[in-house]
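Working notes, structure below.
FYI, it's all coordinate maths here, none of it is from the lab. Nothing here was measured: the structure is a model prediction, and the numbers come from that model. Using ideal geometry, Cβ is built from the backbone for each residue, glycine included, and neighbour counts are taken over all protein chains shown.
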Amino acid sequence: MPWPCDKGESMDLCNISVIRELMGDAGITFRKDFGQNFLINPKIPSDIADAAAHSPDTLVLEIGPGVGCLTQELAKRYKRVVAVEIDKGLIPILDKTLSEFDNVTVINDDIMKVDLPALVEKYACGMPVSVCANLPYYITTPILMRLLESGVRFEAVTVMVQNEVASRLCASAGSDDYGAISAVIAYFGEAKRLFRVNRGCFMPAPKVDSAVVRISLYREPKYTPRDERLFRNLIKFAFEMRRKTLYNALRAKLSLDNETLKEAIVSLGYGESVRGERLSVSDFVALSDRIYTDLEKNSKT
Ligand code: SAM
């Protein structure tokens, strides 16, 4: 059994017996409420870490290191790794499994509560910053939104998510998987599905397969709606009532007369019965700017 490991050699943290022994010694069990499905196929953390950033001189923020299998691979490749783990019980394990790496900092906290700009300011020292994680599935979208809306200029966000979620993150306008999250992700960057991961690669095995997605974020904002709140609301309203036409979905939500709203929709080049799922992110920006101008005109009359 590869534990204890030979000096200078990393422990095999994808080995089921090693994981069980580490957790047993620490007196903890898997926590379903924290979405703990640990990787047990060593090729996967290695492949995810390869994809995490372009330059070795990068700060990688990892969310949910678990027992540290992906953290070790990141620490071998990148200058600095900061890993945020919510489960206090895993901290003594991480102290042990990451002890040979002097470029890793583990923080026991909830990523939803961490002050991300302050954390990056403290550790990045001018380096580009990327995020890499095998995300807990119960909170995938809130975590992604928090990262993207944090104001931190992440270069890339490379994450393992449920396969169906991966399809939604990467979907183009008009496709079956396209939804509010696809449009919002496209606002911040370009999402690409890298590879699929079979459910058998995890312990405990989840009910569905996963996939790794990389979102390459725009250095400078590619889209600049005049009113970001209105733009985001339009996306939300358009997909809340997916089966309605865009006109019917928006009619009840905006204080705009029906004809003006229809004209705004038609100005995009679609018929007035178009559904929201046909609109790309640039269409939503154009629509939001047009509606913003119309609302402004209304307020002056
Ligand atoms: N990285 C490990 C791996 O690939 O085997 C574990 C991945 S597991 C799917 C998700 C990890 O995220 C768990 O370690 C869990 O405790 C942690 N986690 C869950 N919610 C979290 C949160 N809000 N903030 C930080 N870590 C969280």
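Rg (Å, one decimal) plus Dmax (Å, integer) for the alpha carbons of the stretch 165-232?
For the stretch 165-232, the Cα radius of gyration and maximum Cα-Cα distance read 14.8, 47 Å.
If I take all pairs of Cα atoms in the chain, what percentage of them are more than 28 Å from each other?
Details: 20125 of 45150 pairs.
When all Cα pairs of the chain are counted, 45 percent exceed 28 Å.
Take every Cα pair under 8 Å in the stretch 126-232 that's 6+ residues apart, average their separations, divide by the length, and report that relative contact order as a whole percent. Display every interim value, and only then the final one.
Working: 155 pairs, mean separation 30.0, N = 107.
The value is 28 percent.
For the chain, what does the relative contact order come out to in percent, with C-alpha contacts under 8 Å and a separation of six or more?
Working: 507 pairs, mean separation 43.3, N = 301.
The normalised contact order for the chain reaches 14 percent.
What ranking do 26-36, 206-216 get when scored by the average of other Cβ atoms within 10 Å per residue, highest first? Intermediate results must be reported in sequence, preceding the final value.
Numbers: 26-36: 13.8, 206-216: 18.3.
Ranking the peptides 26-36, 206-216 by packing returns 206-216, 26-36.
Give the residue list of GluC sites (Glu not before Pro) in the stretch 112-176 that are DSSP loop and have at most 16 other beta-carbon atoms within 10 angstrom. Walk me through the intermediate numbers first.
Working: sites: Glu121, Glu149, Glu155, Glu164; in loops: Glu149, Glu155.
Filter output for the stretch 112-176: Glu149.
What number comes out for the charge environment of Glu85, summing +1 per Lys or Arg and -1 per Asp or Glu over other residues with Cβ under 15 Å away? Could you put the intermediate results ahead of the total?
Working: positive: Arg31, Lys88, Lys96, Lys113; negative: Asp33, Glu62, Asp87, Asp95, Asp109, Asp110.
My count for the surroundings of Glu85 gives -2.
Using a 10 Å cut-off on Cβ atoms, rank the peptides 42-50, 263-271, 82-90 from the highest mean neighbour count down.
Values: 42-50: 18.3, 263-271: 15.3, 82-90: 20.6.
Going by the mean number of other Cβ atoms within 10 Å, highest first, we get 82-90, 42-50, 263-271.
List, in order, the whole-Hz ³J(HN,Hα) value for each residue of the stretch 88-100 obtained from phi through the Karplus relation with A = 6.51, B = -1.76, C = 1.60 and θ = phi - 60°; use x for Gly and Pro.
4, x, 7, 4, x, 5, 5, 4, 6, 6, 10, 4, 7
Give me the net charge of Ala156's neighbourhood, meaning all other residues with Cβ under 12 Å from the Cβ of Ala156; Lys, Arg count +1, Asp, Glu -1. Write down the numbers at each step before the final one.
Values: positive: Arg153, Lys192, Arg214, Arg219; negative: Glu155, Glu190.
My count for the surroundings of Ala156 gives +2.
Counting only residues 5 or more places away or on other chains, whose amide H sits under 5 Å from the amide H of Leu194 once H atoms are built in the peptide plane?
Under 5 Å from the amide H of Leu194: Val212, Val213, Arg214.
Considering only DSSP beta bridges whose two residues both sit in the chain, what percent are antiparallel, to the nearest 5? Kindly include the intermediate steps, with their values, before the conclusion.
Values: 17 of 35 bridges.
Within the chain, antiparallel bridges account for around 50 percent of the total.
Please sort 127-137, 240-250 by packing, taking for each peptide the average over its residues of neighbouring beta carbons within 10 angstrom, highest first. Don't skip to the end; give the middle numbers.
Details: 127-137: 22.6, 240-250: 16.5.
Ranking, from highest mean packing down: 127-137, 240-250.
Per DSSP helix of 4 or more residues, -39500 (n - 2.57); summed, then divided by the residues of the chain. What does that give at 222 nm, rounded to the nearest 500? Numbers along the way, then the final one.
On the way: 12 runs with 119 residues, N = 301.
Result for the chain, helices only: -11500 deg cm²/dmol.
Cα extents of the stretch 228-300 along the three principal axes, largest first, in whole Å?
The Cα atoms of the stretch 228-300 stretch 34, 24, 22 Å along the principal axes, largest first.
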